[in-house]
2 protein chains.
Amino acid sequence: MTKPDLSSVYRDYTACLNRQDWPKPEGFVAAHVQYNDREIGLPAYRKMPERDFYAIPDLHFNVQLLISGAPCIAARLSFACSPKGEFLGLAVNGKKVFFTENVFYKFREEKITAVWPLIDKAAVEAQACPGAHDGNR
Amino acid sequence: MTKPDLSSVYRDYTACLNRQDWPKPEGFVAAHVQYNDREIGLPAYRKMPERDFYAIPDLHFNVQLLISGAPCIAARLSFACSPKGEFLGLAVNGKKVFFTENVFYKFREEKITAVWPLIDKAAVEAQACPGAHDGNR
C-alpha cells in the first residue's frame with residue numbers, strides 16, 4: 001500500500017475552501033474530528049469555514065509552507081483580508097489586516113481527524129489597535 | 001550524501017535549551033538567522049532563550065509534535081510554567097500558565113536559518129486575565 005500524499009490532499013482541501021465549494025470540503029474531514037484536543041465532530045467543524053467566510057468575505061488561504069510527515073502535516077498560512085466586524089475579539093471593522101497561522105493536522109485515511117491551529121493575534125492587534133501594546137516577544 | 005536527520009538535531013537543540021547549557025545552543029544557529037522574516041543575526045537570537053529563562057525560571061520545552069521535511073521542520077511545543085512578571089504583554093505575575101506554540105524552522109547544513117513561531121497568547125490571556133474576552137475562534 002502506498003502512503004497517501006497528504007500535501008496534495010491538503011492543497012485540494014484549501015482549494016475547495018478558497019472556492020467556497022460547500023459542502024465539498026467536509027469530504028476531507030472525519031466524523032469525530034477534534035479541534036484543539038476536543039472532539040467537536042463534523043457538523044460543528046464544517047460550520048467554521050462557512051462562518052469565517054461570512055465574517056471575512058475576502059478570506060483566502062495562502063499556503064506559505066507545508067511539511068508532511070504521515071499521519072500529520074504542518075502548514076504555515078498567510079492571510080491578507082478584511083474582517084467585517086470583530087475578529088479574534090478585536091474590532092477590525094473592515095480594515096485590511098495581514099497575519100499568519102501555524103497549524104498542525106492529523107489525518108486518518110486521508111481525512112482530517114485533529115487540528116491544532118494558532119493564529120497570530122498579536123499581529124492583528126497591532127494593525128487593528130495600533131496604539132495598544134502588541135505583546136510580541 | 002545522506003540527508004541530515006533534522007528531527008534529531010532539533011531534539012538535541014531543545015535538550016540544550018532545557019539544560020540551559022549556554023552557549024551550546026548557539027552552535028545550532030546560523031550567523032544570519034532570520035526571525036519572522038527579519039534578519040536578527042546570532043547575537044540577538046542567542047539572547048532570546050536566556051532572556052526567556054530569566055523571565056520564566058521554570059521554562060521547559062516539551063515537544064508534542066515534530067514533523068520533518070528537509071530543509072524545514074515544524075514543532076508543536078507545550079509549556080506549563082510561571083512567568084515572573086509580564087509575559088506577551090500580559091500581567092502573569094508568577095501564576096502557572098499552560099500554553100502551546102506552533103513553530104516552523106528552516107535549516108541549512110543542520111543550522112537554523114529562519115524561525116516562524118506563534119504562541120497561543122489567547123490561552124495565556126484566558127488564564128492570566130480570566131474575566132477578559134479571550135478572542136478564541
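Determine, yes or no, whether B:Ala122 is over 15 Å from the mean Cα position of the chain (by Cα), buried (at least 17 other Cβ atoms within 10 Å of the Cβ) and among the small types (Gly, Ala, Ser).
The answer is yes for B:Ala122.
Which condition number in (1) in contact (Cβ under 8 Å) with a residue 60 or more places away in the chain; (2) in a helix (DSSP H, G or I); (3) away from chain A (no Cβ under 14 Å) is the one that B:His32 fails?
Condition not satisfied by B:His32: (2).
I'd like the full set of residues that are over 13 Å from A:Ala74 (Cβ atoms) and either at the interface with chain A (Cβ under 7 Å from one of its Cβ atoms) or in contact (Cβ under 8 Å) with a residue 24 or more places away in the chain (or both), limited to region B:74-84.
Within region B:74-84, B:Cys81, B:Ser82, B:Pro83, B:Lys84 qualify.
Would you check if there is a residue in region A:129-137 being more than 9 Å from chain B (Cβ to nearest Cβ), touching an Asp or Glu at 6+ places or on another chain (Cβ under 9 Å), within 20 Å of B:Ala122 (Cα to Cα) and not hydroxyl-bearing (Ser, Thr, Tyr)?
Checked region A:129-137: no residue is more than 9 Å from chain B (Cβ to nearest Cβ), touching an Asp or Glu at 6+ places or on another chain (Cβ under 9 Å), within 20 Å of B:Ala122 (Cα to Cα) and not hydroxyl-bearing (Ser, Thr, Tyr).
Pull out all pairs, ordered by first then second residue, where Cβ-Cβ is under 6 Å, the residues are six or more apart or on different chains, the first lies in region A:46-73 and is assigned to a helix (DSSP H, G or I), and the second is of a type in the set (Asp, Glu).
Pairs found: A:Arg46/A:Glu26.
What number of residues within region A:35-56 satisfy the criterion of being surrounded by 12 or more Cβ atoms within 10 Å (Cβ to Cβ), away from chain B (no Cβ under 14 Å) and not acidic (Asp, Glu)?
3
Out of the residues in region A:90-120 that are free of Cβ contacts under 8 Å to residues at least 40 places away in the same chain and among the small types (Gly, Ala, Ser), which is farthest from the other protein chains (Cβ to nearest Cβ)?
Selected residue: A:Gly94.
Considering region B:81-119 alone, what residues qualify as being surrounded by fewer than 16 Cβ atoms within 10 Å (Cβ to Cβ) and over 14 Å from B:Ala55 (Cα atoms)? Don't jump to the end; show me each part of the working.
The initial filter retains those residues of region B:81-119 that are surrounded by fewer than 16 Cβ atoms within 10 Å (Cβ to Cβ), namely B:82, B:84-86, B:91, B:93-96, B:98, B:108-109.
Across region B:81-119, the qualifying residues are B:Phe98, B:Arg108, B:Glu109.
Can you tell me which condition A:Phe87 does not meet? The list is (1) farther than 23 Å from A:Ala30 by Cα; (2) more than 9 Å from chain B (Cβ to nearest Cβ); (3) touching a residue at least 12 places away in the same chain (Cβ under 8 Å), and all the others hold.
Among (1) farther than 23 Å from A:Ala30 by Cα; (2) more than 9 Å from chain B (Cβ to nearest Cβ); (3) touching a residue at least 12 places away in the same chain (Cβ under 8 Å), the lone unmet condition for A:Phe87 is (2).
Name the one entry in A:Arg38, A:Arg51 that is out of contact with any Leu (no Cβ under 9 Å at 6 or more places or on another chain), among the basic types (Lys, Arg) and modelled with pLDDT of 95 or more.
A:Arg38
I need the full set of residues from region A:1-29 which are more than 16 Å from A:Val103 (Cβ to Cβ) and either of a type in the set (S, T, N, Q) or part of a loop (DSSP other than H, G, I, E, B) (or both), in order please.
Within region A:1-29, A:Met1, A:Thr2, A:Lys3, A:Pro4, A:Asp5, A:Ser8, A:Gln20, A:Asp21, A:Trp22, A:Pro23 meet the criteria.
All but one of (1) more than 9 Å from every other protein chain (Cβ to nearest Cβ); (2) modelled with pLDDT of 95 or more hold for B:Ile67; state the number of the condition that does not hold.
Of everything listed in (1) more than 9 Å from every other protein chain (Cβ to nearest Cβ); (2) modelled with pLDDT of 95 or more, B:Ile67 misses just condition (1).
The values are calculated or read from the model by the stated rules, or taken from the named source; none is laboratory data. Note that the structure is predicted; figures quoted are calculated from it, not measured. FYI the Cβ positions are ideal-geometry reconstructions off the backbone, even for glycines, and counts take in every protein chain you see.
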